[in-house]
Every structure is written in structure tokens, then in C-alpha cells.
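This report refers to the structure that appears directly beneath it.
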């Protein structure tokens, strides 16, 4: 397994969940060496027989191909890639910090999208595999309270869906995961939204999706119906939702 965004609490929970079924050799790819090593120790303690780390920043686009090839090479292959790159940024509609808003879009869409494309190419060249893309329910219809984040996730989600269709007959499967509010370091200090969940619960939904042949899963499952309703709301009603 290769985890892009190797310190992500959800990404690590997915590894541990899969490790319960069979031993997993893992490459953790991320930008902070100390945090990566700490996460690697956590996975070794969970029973993963081999865990390596590769330093790579989502915004260092010119090094993405090299970094992913290094991960596959040092691991000796790979058949599951978890794309868990993302930042939340400033909440609200029109950002006060424009530079910060642009960086959110660069990380969540441009950086994550580049990593997704390179990972898909690497798997196709090796005969196939699966990519788990951590998207968000915010991708389905950006709300006034998360306009920038929702837009960035919508772009990544659309790219993942399109690539999934393009690569369907080439042995590369892409599972898009749309969690709701997940209680992690990234959401510390925020009021939990309805149907909030945990990294472990998201990981269990990922396993369900992998085993069930799904293209898209929601975490929790009830969000699928809720978002169907949200997508159908007329614009004047939708804009009244402030959270």
C-alpha cells in the first residue's frame, strides 16, 4: 500500500483496517519527516511488516512522478494507493485570506490531482491496482460555509470519477470516498456537524466499498440520502444553510 498524505488519520485508519485482514507493506508519502516516522512506528506496532517513508510535498509538482516511483520502487511494488492529501483552510464564503484560499485550492485540487494522475499511471504500468480517493460530501454541492474547500474537493472528485471511467478497462479501479464531518486534528475546535464520524468508521466504509465493488461510498452511509436531498434543494432554500 502507498498512502499519499502519509500522516492522515483517515489514511492510517484505512491501512490498519486492511492490515487486520492480511499483512500490509506500506509506503507513507508526505512532507514532514518526523510526522511520517511517528506514523510509521504506529503502523509497525499495528503489525505491518514493512513501513517506509518518502518525503514529498503536494505542492512540489515537479517531484511527484519521482516521489511516487520511489515509493513503488522501495516498496517493491504496490496494488493499493490511498490519496489522503487535503487541507481545510478558512471557513466561510468570501475568504479574508486570499493567499490561504488559493493554497487550499492548490493543495486539494492541483496537488492532489497531480498525485492522483501519477499514481494512476504508475498502477497502469504495473498491471493495475486500486486507488482510494478521500473526497468529501462538500464536493457534491459547495455550501456558503465552505465555498473554497467545497470547490477544491469538487474538482478532485470530478477528476477521480472521470479517471475511474477512463481506466475501467485498463485494470485501475478508483474508489471515491465522501466522508462528512470527521473528528480529526483538522477539525479540532469546530462544532461537529450532524452525522459526524471518526477515522475508524470511515476506514470501515472504505473496506465495505473495496469488498463490494463500489465506485463511490459515503461515510456514514446515511449521507448518501441526505446529499441527494441537498442536491435537489432549490437555490433560494439552499443558500439559507449557513453551516
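The residue list 148, 137, 182, 177 contains one member that is touching a strand residue (DSSP E or B) at 6+ places or on another chain (Cβ under 6 Å), over 26 Å from residue 68 (Cβ atoms) and buried (at least 19 other Cβ atoms within 10 Å of the Cβ), which is 137.
Residue count for region 176-195, restricted to those that are closer than 17 Å to residue 140 by Cα and either part of a strand (DSSP E or B) or out of contact with any helix residue (DSSP H, G or I) (no Cβ under 7 Å at 6 or more places or on another chain) (or both): 7. Taken over region 22-46, the residue count meeting the criterion of being surrounded by fewer than 21 Cβ atoms within 10 Å (Cβ to Cβ), farther than 15 Å from residue 79 by Cα and more than 17 Å from the chain's Cα centre (by Cα) is 11. Only one entry of 138, 160, 120, 154 meets the criterion of being under 22 Å from residue 5 (Cα atoms), at pLDDT below 95 and in contact with a helix residue (DSSP H, G or I) (Cβ under 8 Å, 6 or more places away or on another chain), and that entry is 138.
Taken over region 78-117, residues that are closer than 30 Å to residue 24 by Cβ, in contact with a helix residue (DSSP H, G or I) (Cβ under 6 Å, 6 or more places away or on another chain) and part of a helix (DSSP H, G or I) amount to 6.
The residues listed here are 154, 112, 119; of these, the one that is closer than 27 Å to residue 17 by Cβ, buried (at least 18 other Cβ atoms within 10 Å of the Cβ) and free of Cβ contacts under 8 Å to residues at least 40 places away in the same chain is 154. Scanning region 141-150 for residues that are in contact with a helix residue (DSSP H, G or I) (Cβ under 7 Å, 6 or more places away or on another chain) and either free of Cβ contacts under 8 Å to residues at least 60 places away in the same chain or outside any helix (DSSP H, G or I) (or both) yields a count of 6.
The values are calculated or read from the model by the stated rules, or taken from the named source; none is laboratory data. Everything numeric in this text was worked out from a predicted model, so none of it was measured. All Cβ positions, even for glycine, are placed from backbone atoms using ideal geometry, and neighbour counts span all protein chains on display.
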